[in-house]
Every structure is written in structure tokens, then in C-alpha cells.
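Everything below concerns the one structure shown next.
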Amino acid sequence: MIQLSHRPRRNRKSAAIRALVEETKVTTDDLIFPIFLLDGKNQKVEVASMPGIFRLSTDLVLKEVEECLNLGIRAFDIFPVVEESLKDKMATKSYDSSFFYLRALREVKKQFPEACIMTDVAMDPYSSDGHDGLVEDGHILNDETLEILGKMALAQAETGIDILGPSDMMDGRVGYLREVLDSNGFTDVSIMSYTAKYASGFYNPFRDALDSAPKFGDKKTYQMNPANSREAMIEAALDTEEGADFLMVKPALAYLDIIKLLKDNSDLPIAAYNVSGEYSMVKAAAQKGWLEGERVAKEMLLSMKRAGADIILTYFAKEFAQAVKRQ
Ligand code: PBG
């Protein structure tokens with residue numbers, strides 16, 4: 001008989017014991033479901049590179065939100081799909097209160113005041129250049145962009161939404177937006193800063209969904225270099241000082257170390273954005289029968305929570321909630 005003083009397998013011997021010693025849990029309470037909003041009525045268009053994810057018109061978004069609320073998903077991040085002819089250099093539609101995005105936000109908050117609605121603050125969906133900032137002579141201008149973001153944030157805050165998500169990575173935007181919000185009486189509107197947003201190849205399906213790919217160049221002068229982690233600490237310190245309510249890391253899967261780094265060094269809630277490309281690769285492999293989609297999606301979400309994410313923005317949110325319900 002072999003004498004072993006330690007047998008860790010004892011804590012894995014039954015489902016009941018495994019459940020007792022389980023360290024991390026993902027629940028619907030942790031998830032934010034991103035939604036792509038289309039203008040018009042009764043429109044439902046699947047995103048080709050994101051099977052199972054649709055661009056929906058406002059009436060269908062309302063149904064989707066209701067269904068998700070019934071499944072226990074209570075937070076949504078809504079992105080507008082803007083027709084090319086309505087885009088311009090200054091992203092003027094982004095702060096036109098009669099624009100369909102802002103009208104839809106008002107409608108969603110009116111019908112579902114209990115839902116937590118997050119919005120995107122960045123120029124790219126509305127910009128004819130497809131960049132997150134104002135372009136001049138091929139350069140992305142920082143401070144001039146902030147003024148546009150300020151108008152956009154205010155127009156979004158006026159719809160009654162709960163959380164603003166500045167996703168543009170301009171310097172000083174959290175402080176600037178906080179100031180604009182506060183001086184206009186929106187002290188209760190939260191800011192979830194895209195703190196460490198990397199210049200990543202994992203965003204392409206999202207850009208398909210929104211038709212928002214940059215018309216020239218790339219986003220490397222504002223989004224972070226995937227090789228860097230200490231730089232995330234600089235961004236986190238600034239966002240914290242400037243008044244962010246949450247810090248986000250994006251993408252999530254290839255940046256679990258950054259999630260952990262911020263978690264260990266900040267007392268603010270940490271969000272992870274499980275981005276479009278992370279969703280698409282699971283779906284593509286599952287369609288080929290190479291992976292079990294639901295299983296690996298769950299495993300990915302678990303890894304993000306285990307790394308320290310308090311919140312996960314994920315296209316898997318609804319499916320996850322449906323799976324929980326089935327069990
Ligand atoms: C743009 C924005 C992007 C995403 C959210 N907001 C793309 C980008 O920076 O080009 C990506 C989300 C995803 O890939 O799921 N402000």
C-alpha cells in the first residue's frame with residue numbers, strides 16, 4: 001500500500017463535494033449583455049461573423065430586454081448601427097436628441113426603469129473616418145475629441161441611462177465627462193471606463209456589426225499596445241483619480257493577467273469585456289463540431305471571474321442565462 005499524506009482528489013470525489021469546494025461562480029448578476037440597435041421597425045439582421053447575435057430595431061430590442069430580464073440578465077450595453085450617409089467627421093448624430101439611438105434609450109428606460117442601461121461614448125459608430133476621435137490630417141486629436149464626447153455623454157445622460165461607457169481611450173476623458181455630467185446635474189450617472197483597452201485583433205466582428213471599421217490606419221495611437229501591462233496601471237490610476245466608478249479591461253481572454261493586475265491593485269469594481277472575436281471563435285469552432293460551444297463559453301466566463309472580474313460584458317449572456325434556467 002502506497003502511503004500518501006496528501007490526496008487532493010478527495011475534494012473532487014463527488015458532485016456534492018466539488019460544489020462545496022467550488023471557489024468561483026458566474027451568475028447572471030455578473031453579466032452585461034451588449035445589444036446592437038438598428039433604426040426602423042421590426043428589423044432583425046444577424047451579424048454574419050457573430051452567429052446568434054442580431055442587430056435589432058427598437059421594438060425588438062424592447063422584447064429582447066424583457067426576455068433577458070425574465071432570465072435574470074438585468075444590465076445591457078446598447079450600441080447604435082449608424083447608416084453610412086448619416087456619418088460625418090464630427091459625429092454630430094451622436095448628440096442629436098432626435099436621433100434613433102437616443103430615442104431608443106429613452107424608450108427602453110421608460111418601459112424598463114429597473115434595467116441597468118449602459119451606453120457607448122465614442123465617435124466611431126457616427127464618424128465618417130471610422131475612428132474614435134476627431135481626425136485632422138491623419139491625426140487623432142485628443143482635446144477636440146473630448147468636447148464632442150462631452151456633448152455625446154450629456155445627450156445620453158438626458159435619456160435616463162445608468163452607466164456611460166467611454167470606449168475611445170482619449171486622455172482625460174473620464175475627468176472631463178465627470179465634470180460635464182456633474183455641472184449639468186447628472187451626478188448619479190456612472191462611468192465605466194474602458195481603462196485598459198488594447199489595440200486588438202479581436203474587435204473585427206464588432207466592427208462588422210456596426211460597419212465601423214477605421215477608413216484608414218489603425219487605432220494604435222489611442223488603444224494600448226497588447227505587449228504592455230504596466231501601462232494599464234497608469235491608465236487605472238488616472239481613471240480612478242478622475243472619478244471612474246468601474247475599471248474595464250478589454251479584450252478579456254488574452255488579457256486575464258491585466259484583469260488580475262487591476263483587481264489586485266484597485267478597490268473599484270473590475271469589468272472584463274469578453275469581446276466579439278472571443279465570441280466568434282467559439283461559435284465558429286462549435287459550428288464545425290470542434291468544440292462544445294456552451295461548455296467552453298462557460299469556461300471562458302469562469303476564467304475571467306477567477307482572474308478577478310466582478311462584471312463581464314459578454315455576447316454569451318443570454319445563452320448563459322438560458323442554460324442556467326434549463327439546469
Ligand atoms: C469602439 C468600440 C469597439 C468595441 C466596443 N466599442 C471596437 C473598437 O474599438 O474598434 C469592441 C467590442 C467588441 O469587439 O465586442 N469604441
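For the range 1-157, how big is the tail of P(r) above 28 Å, as a whole percent of Cα pairs? Don't skip to the answer; put the middle values down first.
Details: 4843 of 12246 pairs.
Value for the range 1-157: 40 percent of Cα pairs lie more than 28 Å apart.
For the chain, which span is the longest to avoid every loop-located (per DSSP) member of GluC sites (Glu not before Pro) having at most 15 other Cβ atoms inside 10 Å?
Working: sites that count: Glu22, Glu23, Glu83, Glu114, Glu292.
Maximal segment without exposed cleavage sites: 115-291.
Given charges of +1 on the Cβ of Lys and Arg and -1 on the Cβ of Asp and Glu, with all other atoms neutral, how large is the dipole of the range 7-116 about its Cα centre, in debye to the nearest 20? Spell out each step's value before the answer.
On the way: 19 positive and 17 negative charges, 164 e Å.
Result for the range 7-116 is approximately 780 debye, rounded to the nearest 20.
What Kirkwood hydrodynamic radius do you get for the range 1-93 when you take the inverse of the mean 1/r over all pairs of distinct Cα atoms, in Å? Write down the numbers at each step before the final one.
Numbers: mean 1/r = 0.0573 Å⁻¹.
Value: 17.5 Å, from the Cα pair sum.
How big, on average over all directions, is the shadow cast by the Cα convex hull of the range 63-153, in nm²?
Working: hull surface 25.5 nm².
Across all orientations, the range 63-153 yields a mean hull projection of 6.4 nm².
Averaging sequence separations of C-alpha pairs under 8 Å and six or more residues apart, then dividing by the length of the chain, give the relative contact order as a whole percent.
Numbers: 592 pairs, mean separation 58.8, N = 327.
Relative contact order for the chain comes out at 18 percent.
Compute the length gained on full extension between Asp267 and Glu67: take 0.36 nm times their separation in residues and subtract their Cα-Cα distance, giving the result in nm to one decimal. Mind dumping the intermediate values first?
Values: separation 200, 0.36 × 200 = 72.00 nm, distance 3.31 nm.
Result for the pair: 68.7 nm of gain on full extension.
Mind checking which aspartates and glutamates have their C-alpha under 13 Å from Lys87, skipping anything on the same chain fewer than 8 residues away?
Asp96, Asp124, Asp129, Asp132, Asp211
Quick one: ranking Cys116, Cys68 by accessible area, 1.4 Å probe, largest first, what do you get? It would help to have the intermediate numbers written out before the result.
Details: Cys116 40, Cys68 0 Å².
Greatest to least solvent exposure: Cys116, Cys68.
Taking all protein chains as present, what is the carbon and sulfur share of the accessible area of the chain, in % to the nearest whole number, probe 1.4 Å?
On the way: 7690 of 15370 Å².
Roughly 50 percent of what the probe reaches on the chain is carbon or sulfur.
Over the range 76-209, what lengths in whole Å, largest first, do the semi-axes of the equivalent ellipsoid take, defined as the square roots of 5 times the eigenvalues of the alpha-carbon gyration tensor? Spell out each step's value before the answer.
On the way: eigenvalues 96, 59, 44 Å².
After diagonalising the Cα gyration tensor, the semi-axes are 22, 17, 15 Å.
Return the calculated 222 nm mean residue ellipticity for the chain, to the nearest 500 deg cm²/dmol, obtained by summing -39500 (n - 2.57) across DSSP H runs with n ≥ 4 and dividing by the residue count.
Numbers: 11 runs with 125 residues, N = 327.
Helix-only estimate at 222 nm: -11500 deg cm²/dmol.
Report the gain in length on full extension from Lys13 to Asp29: 0.36 nm times residue separation, minus Cα-Cα distance, nm rounded to one decimal. Walk me through the numbers on the way to the answer.
Numbers: separation 16, 0.36 × 16 = 5.76 nm, distance 2.93 nm.
Answer, rounded to one decimal: 2.8 nm.
At Ser97 and Val45, where each label point lies 7 Å from the Cα along Cα→Cβ, what is the point-to-point distance in nanometres?
2.9
With all protein chains present and a 1.4 Å probe, how do His131, His6, His139 order by accessible area, largest first? Don't jump to the answer; show the numbers that get you there.
Working: His131 0, His6 150, His139 120 Å².
Accessible-area ranking of His131, His6, His139, largest first: His6, His139, His131.
Rounded, prolate or oblate: which fits the range 159-199 when a ≥ b ≥ c are the square roots of the eigenvalues of the alpha-carbon gyration tensor, with rounded for a/c under 1.5 and prolate only if a/b beats b/c? Display every interim value, and only then the final one.
Numbers: a/c = 3.13, a/b = 1.71, b/c = 1.83.
Oblate.
Mind jotting down the three principal axis lengths of the range 185-260 based on Cα atoms? Whole angstrom, largest first.
Largest first, the range 185-260 extends 35, 32, 22 Å along its Cα principal axes.
How many angstrom lie between the C-alpha centres of the range 243-321 and the range 170-236?
Centre-to-centre distance over Cα atoms comes out at 17 Å.
Would you check the accessible area of Thr221, probe 1.4 Å, heavy atoms only, in square angstrom rounded to 10?
120
Which length gain, in nm to one decimal place, applies between Asp143 and Asp88 when the Cα-Cα distance is subtracted from 0.36 nm times their residue separation?
Values: separation 55, 0.36 × 55 = 19.80 nm, distance 1.84 nm.
Contour length minus the Cα-Cα distance gives 18.0 nm.
Among the listed pairs Lys93/Lys325; Lys25/Lys220; Lys93/Lys318; Lys110/Lys283; Lys13/Lys325, which have their C-alpha atoms separated by more than 28 angstrom in this model?
On the way: Lys93/Lys325 40 Å; Lys25/Lys220 35 Å; Lys93/Lys318 30 Å; Lys110/Lys283 34 Å; Lys13/Lys325 26 Å.
In this structure, Lys93/Lys325; Lys25/Lys220; Lys93/Lys318; Lys110/Lys283 exceed 28 Å between Cα atoms.
Would you please state the base-10 log of I(q)/I(0) at q = 0.19, 0.25 1/Å for the range 1-51, with intensities from the Debye formula using one equal scatterer on every alpha carbon?
-0.85, -1.05
So, with +1 on the Cβ of K and R and -1 on the Cβ of D and E, and no other charges, what is the size of the charge dipole of the chain about its Cα centre, to the nearest 20 debye? Intermediate values should be presented prior to the final figure.
Numbers: 40 positive and 51 negative charges, 437 e Å.
With only Lys, Arg, Asp and Glu charged at Cβ, the dipole is about 2100 debye.
Scan the range 150-238 for trypsin sites (Lys or Arg not before Pro) in coil per DSSP, keeping those whose Cβ has at most 12 other Cβ atoms within 10 Å, and list them by number. Each step should come with its number before you reach the end.
Numbers: sites: Lys151, Arg173, Arg178, Lys197, Arg207, Lys215, Lys219, Lys220, Arg230; in loops: Lys215, Lys219, Lys220.
Here the sparse-neighbourhood loop sites are Lys215, Lys220.
Any chance you could look up the accessible area of Phe186 with a 1.4 Å probe, heavy atoms only, rounded to 10 Å²?
Roughly 50 Å² of Phe186 is accessible to a 1.4 Å probe.
Mind putting a number on the dipole of the range 179-327 about its Cα centre? Charges go on the C-beta only, +1 for Lys and Arg and -1 for Asp and Glu, and I need it in Debye to the nearest 20. Mind showing how you got there, number by number?
Values: 18 positive and 21 negative charges, 189 e Å.
So the dipole magnitude of the range 179-327 works out to roughly 900 debye.
Label points 7 Å out from Cα along the Cβ direction at Ile234 and Gln111: separation in nm?
In this crude spin-label approximation the distance works out to 4.5 nm.
Determine Rg/Rh for the chain; Rg is computed over alpha-carbon atoms and Rh is the Kirkwood hydrodynamic estimate from the same atoms. Walk me through the numbers before you get to the answer.
On the way: Rg = 20.3 Å, Rh = 20.5 Å.
Ratio value, two decimals: 0.99.
Report the relative contact order of the range 1-129, percent, no decimals, based on alpha-carbon pairs under 8 angstrom and at least 6 residues apart. Please list the in-between numbers first.
On the way: 158 pairs, mean separation 30.9, N = 129.
It rounds to 24 percent for the range 1-129.
Determine by what factor the alpha-carbon radius of gyration of the range 173-303 differs from 2.2 N^0.38 Å, reporting the quotient.
Expressed relative to 2.2 N^0.38 Å, the Cα Rg reads 1.18.
The values are calculated or read from the model by the stated rules, or taken from the named source; none is laboratory data. This one's a predicted model, so the numbers in the text were calculated from it and none came from an experiment. Backbone-built Cβ (ideal geometry, glycine too); neighbour counts: all protein chains shown. SASA here: full protein model, heavy atoms, side chains in, ligands and nucleic acids out. Shrake-Rupley method; radii C 1.70, N 1.55, O 1.52, S 1.80 Å.
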